[in-house]
């Protein structure tokens, strides 16, 4: 709970902003340990099913899916402190919907904290049992523009709490294991807007990775000073998916406007054949996603390999100071279109 900040989504000025944040970290291998569930509370995803034009019960089966993570496992040894990444999910999404990407980043020595933004994601279940679902106003892009700065403050507050956990984690797990001097942020769709705005607001974020989304007006006006990599796709693929020309234009022109004014390292990566949901776990959850037009013609494993390879190269270069991080990617993925400044 952020006791200093009213919740912008509620009418009661006494309501304080509350978040649920899930943390993944490099762990000591425990071969016989029980794996963590993918989504402990799948009933809260009914609003997302509606957004995808699926029956409300369609995503309940996700509660039976397990991950590669082990709850409360001992922290891996070998590094004095792990770089920290914050993940912000998409509008109507959920904090776990990029688990494939999160687990890959963590397996390469990052701590990842994913935020469930109440009222902006499908459903947030709090420890006391309350369920906060998607605010219908979030379906209006003009309203979204007004609340992105507020949602970015969620990320800044999460970074403050992670800093406190590094000093004294009540569970004893993370104390002293987070390198708060090396922090990045990434997000998909709405989460990409939040990531960019958080970097505009907070210089402690040293690297910014927005995925497949237009840039908020505030970022277009002021630009970004941190190294930034956009991963998206070409206009033809967006139109093939069914995006309106207005959304295609807004996405590519606002990204270009910020990219062209970057004072330092910037990367614009486009992957033809990827649909919006190919940036998430969607293609791994059912073979029907391509048939339903939810995911694109690109091979799902190829799509995820490209995104994780470029994500790792970017964060390794700018948070781990590995100058050769991007070497070989052009040869491995010749279909990817990449521009750099």
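What follows is calculated from the coordinates using simple rules that are stated; it is not laboratory data. What you see is a predicted model, and the numbers here were worked out from it, not measured in a lab. In this analysis, Cβ positions are derived from the backbone assuming ideal geometry, glycine residues included, and neighbour counts consider all displayed protein chains.
Annotations for the structure displayed:
- A straight line joining the Cα centroids of the stretch 9-88 and the stretch 249-321 runs 21 Å.
- Calculated FRET value between residue 173 and residue 286, using beta carbons and R₀ = 22 Å, to 0.05: 0.05
- Shape call, the stretch 89-227: gyration tensor on alpha carbons, a/c limit 1.5: oblate
- Rotationally averaged projected area of the stretch 2-340 (alpha carbon convex hull; nm²): 16.9
- Packing, taken as the mean count of other beta carbons within 10 Å per residue, orders the peptides 116-125, 159-168 from highest to lowest as 116-125, 159-168.
- Enclosing the Cα atoms of the stretch 40-105 in their convex hull gives a volume equal to 102 cubic angstrom per residue.
- As a proxy for reagent exposure, ranking 51, 252 by other Cβ atoms within 10 Å from fewest up yields 51, 252.
- Distance-filtered residues of the stretch 319-341 - backbone nitrogen under 17 Å, label point 7 angstrom along residue 79 Cα→Cβ: 319-326
- Pairwise FRET efficiency - residue 331 versus residue 18, Cβ, R0 = 51 Å, nearest 0.05: 0.60
- The alpha carbons of the stretch 1-59 occupy a box of 49, 35, 13 Å along the principal axes, longest dimension given first.
- Net length gained if the chain between residue 3 and residue 222 were fully extended (0.36 nm per residue, minus Cα distance): 75.9 nm
- Antiparallel content of DSSP bridges confined to the stretch 2-340, in %, to 5: 40
- For the stretch 29-172, the antiparallel share of DSSP beta bridges with both residues in that region comes to about 50%.
- Between residue 201 and residue 64, the simple label model (points 7 Å from Cα in the Cβ direction) yields a spacing of 4.1 nm.
- Taking only the alpha carbons of the stretch 288-332, we obtain Rg and Dmax values of 14.0, 42 Å in that order.
- Annotation: extensible slack from residue 163 through residue 244 equals 25.0 nm (criterion: 0.36 nm per residue apart, minus Cα-Cα distance).
- In terms of surrounding Cβ atoms within a 10 Å radius of their Cβ, 301, 318 rank from fewest to most as 301, 318.
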